[in-house]
């Protein structure tokens, strides 16, 4: 009888164990219901109910849909083991003594700030080189020295030119012929008028003004000395002639620049070119005017690279109504590039060795696991993470050196035991 009871008990125990194993196996394939972001090791989720996640394939307990594999979480959770490093477990007391601090991996706006030194220069499109179209001698130079301001229509110089004097007399002869040669024949009158207009245009081409020509027609007296006037308003940046000097038509008399709008030429390194583009806003500051800034726009990124400095010229245009920006000045240039939202961690969280970049991720169990990451754009206080982390994970941002040393020591000890 006892044998029968013992056999029955064994059968019941075996049956119970099989049933328990079956239930455990079934439970292992059911998704763990969690809310929020994917937990460490949760590689599958329900497309209809994102809060349902699991570390194994299965079906959603709510809608019975097949769980979808979370590729990013799998890559981040499994990753490639970092050679020479091991996970480090720290107690609360140890973390407090080391000053270990974790931060959340987040997607943040990326604003890349570039700083460079610029040189204030004249807007070349607002530079006027004053020439005469005739040869002669300067009787008097009205324009002052370099730095003086002139306005459009101000007298620049008086000149004696036999060529201009001869053209004035031709104009007067044409006027007399038109007056004396009035005829009943329209063709004759038209020819006379044509000669007057031709002589008038020649005087205009020789830099006489309309008012001067009208005065010549009224007085009927050719002027030996003629005054030439400024064609533009601006500042004299160069004076190349003096009183009594003989000039040719190719002689550059004066350079006049309109400084109400200037250029700032800044040198940008090759590595910074992806963050600079036409139309980009620029902020200009001057060391001698602290607290004051000027706004401009990038109008040109040079297609040429300086072979010596490996930099590219960037031209910035800005208004200069108060003439505070003077050509030849050095200026501080700041450009801000909006790169959109990107996954980022503080720079203190990344251990850089020159051959690899490592962060220590804190999973749910509280330890710190080394993980190699791929970096992107560098900001002043953050790194873009292109590969190796997902949003919502916690990474070590302080005491990295101590944890890294402990990780290397544990990896070395583990290797020695094998």
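Determine if region 141-160 includes at least one residue that is surrounded by 15 or more Cβ atoms within 10 Å (Cβ to Cβ), touching a helix residue (DSSP H, G or I) at 6+ places or on another chain (Cβ under 9 Å) and more than 30 Å from residue 389 (Cβ to Cβ). No: region 141-160 contains no residue that is surrounded by 15 or more Cβ atoms within 10 Å (Cβ to Cβ), touching a helix residue (DSSP H, G or I) at 6+ places or on another chain (Cβ under 9 Å) and more than 30 Å from residue 389 (Cβ to Cβ). Does residue 167 satisfy the criteria of being farther than 30 Å from residue 271 by Cβ, loosely packed, with under 14 Cβ neighbours inside 10 Å and not assigned by TED's automatic domain parsing to the domain that holds residue 270? No, not satisfied.
When we screen 334, 378 for residues that are closer than 30 Å to residue 123 by Cβ and within 32 Å of the chain's Cα centre (by Cα), the only hit is 334. State the number of residues belonging to region 340-360 that are surrounded by 14 or more Cβ atoms within 10 Å (Cβ to Cβ) and without any contact (Cβ under 8 Å) to a residue 40 or more places away in the chain. Qualifying residue count for the region: 4. When residue 147 is tested against (1) at pLDDT 90 or above; (2) in the same structural domain as residue 211 (by TED's automatic domain parsing), only condition (1) is not met. Taking the listed residues 398, 380, the one that is assigned by TED's automatic domain parsing to the domain that holds residue 103, under 23 Å from residue 84 (Cα atoms) and either surrounded by 15 or more Cβ atoms within 10 Å (Cβ to Cβ) or touching a residue at least 12 places away in the same chain (Cβ under 8 Å) (or both) is 398, with no other qualifying.
Among the criteria (1) in the same structural domain as residue 348 (by TED's automatic domain parsing); (2) in contact with a helix residue (DSSP H, G or I) (Cβ under 9 Å, 6 or more places away or on another chain); (3) surrounded by 12 or more Cβ atoms within 10 Å (Cβ to Cβ), the one residue 106 does not fulfil is (2). Checking region 116-130 against the condition returns no match, with no residue being surrounded by 14 or more Cβ atoms within 10 Å (Cβ to Cβ), over 30 Å from residue 329 (Cβ atoms) and modelled with pLDDT under 90.
Do we have residue 278 as within 25 Å of residue 148 (Cα to Cα), loosely packed, with under 13 Cβ neighbours inside 10 Å, in the same structural domain as residue 119 (by TED's automatic domain parsing) and out of contact with any helix residue (DSSP H, G or I) (no Cβ under 8 Å at 6 or more places or on another chain) here? It is false that residue 278 is within 25 Å of residue 148 (Cα to Cα), loosely packed, with under 13 Cβ neighbours inside 10 Å, in the same structural domain as residue 119 (by TED's automatic domain parsing) and out of contact with any helix residue (DSSP H, G or I) (no Cβ under 8 Å at 6 or more places or on another chain). For residue 192, indicate whether it is in contact with a helix residue (DSSP H, G or I) (Cβ under 9 Å, 6 or more places away or on another chain) and in contact (Cβ under 8 Å) with a residue 24 or more places away in the chain. So residue 192 fails the test. Residues that are in contact with a strand residue (DSSP E or B) (Cβ under 9 Å, 6 or more places away or on another chain) and part of a loop (DSSP other than H, G, I, E, B) were ranked within region 64-82; the one that is modelled with the highest pLDDT is 82.
Highlighted here are the strands (runs of 3 or more DSSP E) found entirely within region 106-150 that include at least 2 residues which are within 14 Å of residue 230 (Cβ to Cβ) and more than 22 Å from the chain's Cα centre (by Cα): 127-130.
Screening the candidates 333, 298, 312 for the property of being in the same structural domain as residue 271 (by TED's automatic domain parsing), touching a helix residue (DSSP H, G or I) at 6+ places or on another chain (Cβ under 7 Å) and either farther than 18 Å from residue 268 by Cα or surrounded by 16 or more Cβ atoms within 10 Å (Cβ to Cβ) (or both) yields one hit, 312.
Let me confirm something: among 211, 250, which residue is under 52 Å from the mean Cα position of the chain (by Cα), surrounded by fewer than 13 Cβ atoms within 10 Å (Cβ to Cβ) and closer than 18 Å to residue 172 by Cβ? Selected residue: 211, the only one of 211, 250 that is under 52 Å from the mean Cα position of the chain (by Cα), surrounded by fewer than 13 Cβ atoms within 10 Å (Cβ to Cβ) and closer than 18 Å to residue 172 by Cβ. Of the residues contained in region 154-164, one or more are found to be outside the structural domain of residue 365 (by TED's automatic domain parsing), part of a loop (DSSP other than H, G, I, E, B) and either in contact (Cβ under 8 Å) with a residue 24 or more places away in the chain or over 30 Å from residue 206 (Cα atoms) (or both).
The values are calculated or read from the model by the stated rules, or taken from the named source; none is laboratory data. Remember, it's a predicted structure, so these values are computed and weren't measured experimentally. Cβ coordinates were reconstructed from backbone atoms using ideal geometry, including for glycine residues, and neighbour counts include every protein chain displayed.
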